[in-house]
Every structure is written in C-alpha cells, then in structure tokens.
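Read through the structure below, which is laid out as structure tokens, and then see the notes.
The values are calculated or read from the model by the stated rules, or taken from the named source; none is laboratory data. Everything quoted here is computed from the prediction, not taken from an experiment. Cβ placement follows ideal geometry from the backbone for every residue including glycine, while neighbour counts extend to all protein chains displayed. When the accessible area is computed, the model is the full protein with side chains, heavy atoms only, and any ligands, DNA or RNA have been set aside. Shrake-Rupley method; radii C 1.70, N 1.55, O 1.52, S 1.80 Å.
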Amino acid sequence: QVQLVESGGGLVQPGGSLRLSCAASRSIVSSIFSIYVMGWYRQAPGKQRELVAAITGGGSPNYADSVKGRFTISRDNAKNTVYLQMNGLKPEDTAVYYCNRVRADGTIGSWGQGTQVTVSS
C-alpha cells in the first residue's frame, strides 16, 4: 500500500491562499506513481467527502465547479508529490483535505489523516 501524507493546511482569512502538498511514500517507484490519477478530496463537518480536483499521470487536470478558477492541482512525479494551490479561499472551503488515488471504479484503499483548512475572519 502506498502511504500518502498531506500537509500545508491552516487558518486563513477569506480571500487568502494556501498550498497543500501530498507526498507519497518513497516505497513506490516513481515510474509507477506517474501513471496514477491523483486527486484532492475534502470533507466538511456533516457533509460527504467530495472530490474537488484530480490530475492524470500526464498532468491533465479536472476540477469541481465549486473550485474551478480558484484552485490549481499539479504534480511532480519525480518527487512522488501532488500539490493543490488554493487561491481566493472562501469560508465554504473549510474542510479537512485529503489526497488519494482516483480509480475509475471509485474505490479507495485507505485514507490518511488529511490536513485541516479553515477559512475564517
């Protein structure tokens, strides 16, 4: 199993920015990691976990409508790392953010601890 560690969350004011990082364990060979579709998910209290951004191994991104134009997902396959640049943050972006593989069948192997993002004045 590949272990994923999220970091970069914190408390920011509305309109602020954060950059999240998701580092995969070095036990995975980069050539294998590079073919995985990776995504950022978030879960707010009392709500379902949702996929907000995804990126193919080749770097093609997709975004949920709620974050399109504000968030940018990227990856560095050589470092086994995925990033989420979040600009123009809104209070409704407050959630725990997780990264994981995105499988066509929607299954998830396991979740890490995530990183808390709180947007508040």
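Select from the stretch 1-20 the residues that are open to solvent by less than 80 Å² (accessible area, probe 1.4 Å), more than 22 Å from T107 (Cα to Cα) and in a strand (DSSP E or B) and list them in ascending order. Full working, then the answer.
Of all residues in the stretch 1-20, those open to solvent by less than 80 Å² (accessible area, probe 1.4 Å) come to 2, 4, 6-10, 12, 14-18, 20.
Checking which are more than 22 Å from T107 (Cα to Cα) leaves us with 7-10, 12, 14-18, 20.
Across the stretch 1-20, the qualifying residues are S7, G10, V12, L18, L20.
Among (1) surrounded by 12 or more Cβ atoms within 10 Å (Cβ to Cβ); (2) without any contact (Cβ under 8 Å) to a residue 60 or more places away in the chain; (3) of a type outside the set (D, E), there is one condition M86 misses while meeting the rest; what is its number?
(2)
Evaluate the stretch 49-56: report whether one residue or more is at positive phi and more than 12 Å from the chain's Cα centre (by Cα). Walk me through how you get there before you give the answer.
Residues of the stretch 49-56 at positive phi: none.
For the stretch 49-56, residues at positive phi and more than 12 Å from the chain's Cα centre (by Cα): absent.
Find the strands (runs of 3 or more DSSP E) located wholly in the stretch 28-82 whose residues include 3 or more that are surrounded by 13 or more Cβ atoms within 10 Å (Cβ to Cβ) and not aliphatic (A, V, I, L, M), and list them.
Details: elements: 38-43, 50-55, 61-63, 71-76.
The strands (runs of 3 or more DSSP E) meeting that bar are 38-43, 61-63, 71-76.
Just give me the residues in the stretch 53-104 being closer than 21 Å to L4 by Cα and charged (D, E, K, R), in sequence order.
Selection gives R75, D76, K79, R101, R103.
Determine if the stretch 97-113 includes at least one residue that is within 12 Å of the chain's Cα centre (by Cα), under 24 Å from G16 (Cβ atoms) and open to solvent by 40 Å² or more (accessible area, probe 1.4 Å).
So far as the stretch 97-113 goes, no, none of its residues is within 12 Å of the chain's Cα centre (by Cα), under 24 Å from G16 (Cβ atoms) and open to solvent by 40 Å² or more (accessible area, probe 1.4 Å).
May I ask you to list the residues in the stretch 58-75 that are at positive phi and charged (D, E, K, R)? Break it down stepwise before answering.
Residues of the stretch 58-75 that are at positive phi, as a first pass: 59, 69.
Across the stretch 58-75, there are no qualifying residues.
Can you report the number of residues in the stretch 68-93 which are among the β-branched types (V, I, T) and in contact with a Lys or Arg (Cβ under 9 Å, 6 or more places away or on another chain)? Let's see the steps before the verdict.
Of all residues in the stretch 68-93, those among the β-branched types (V, I, T) come to 72-73, 81-82.
Those left that are additionally in contact with a Lys or Arg (Cβ under 9 Å, 6 or more places away or on another chain): 81-82.
Counting residues in the stretch 68-93 that are among the β-branched types (V, I, T) and in contact with a Lys or Arg (Cβ under 9 Å, 6 or more places away or on another chain) gives 2.
Could you tell me whether any residue of the stretch 84-92 is among the hydrophobic types (A, V, I, L, M, F, W, C), assigned to a loop (DSSP other than H, G, I, E, B), touching a Gly at 6+ places or on another chain (Cβ under 9 Å) and within 22 Å of S120 (Cα to Cα)? Before you say what the answer is, go through the steps one by one.
Residues of the stretch 84-92 that are among the hydrophobic types (A, V, I, L, M, F, W, C), as a first pass: 84, 86, 89.
Then drop every residue that is not assigned to a loop (DSSP other than H, G, I, E, B), which leaves 89.
Next cut, touching a Gly at 6+ places or on another chain (Cβ under 9 Å) only: 89.
Going one step further and asking which of them are within 22 Å of S120 (Cα to Cα), we end up with 89.
Within the stretch 84-92, one or more residues are among the hydrophobic types (A, V, I, L, M, F, W, C), assigned to a loop (DSSP other than H, G, I, E, B), touching a Gly at 6+ places or on another chain (Cβ under 9 Å) and within 22 Å of S120 (Cα to Cα).
Going through T72, T81, T115, T94 one at a time, which residue ends up being within 27 Å of P14 (Cβ to Cβ), touching a residue at least 60 places away in the same chain (Cβ under 8 Å) and in contact with a strand residue (DSSP E or B) (Cβ under 9 Å, 6 or more places away or on another chain)? Outline the logic, then answer.
Values: T72 fails: touching a residue at least 60 places away in the same chain (Cβ under 8 Å); T81 fails: within 27 Å of P14 (Cβ to Cβ); T94 fails: touching a residue at least 60 places away in the same chain (Cβ under 8 Å).
After applying the criteria, what remains is T115.
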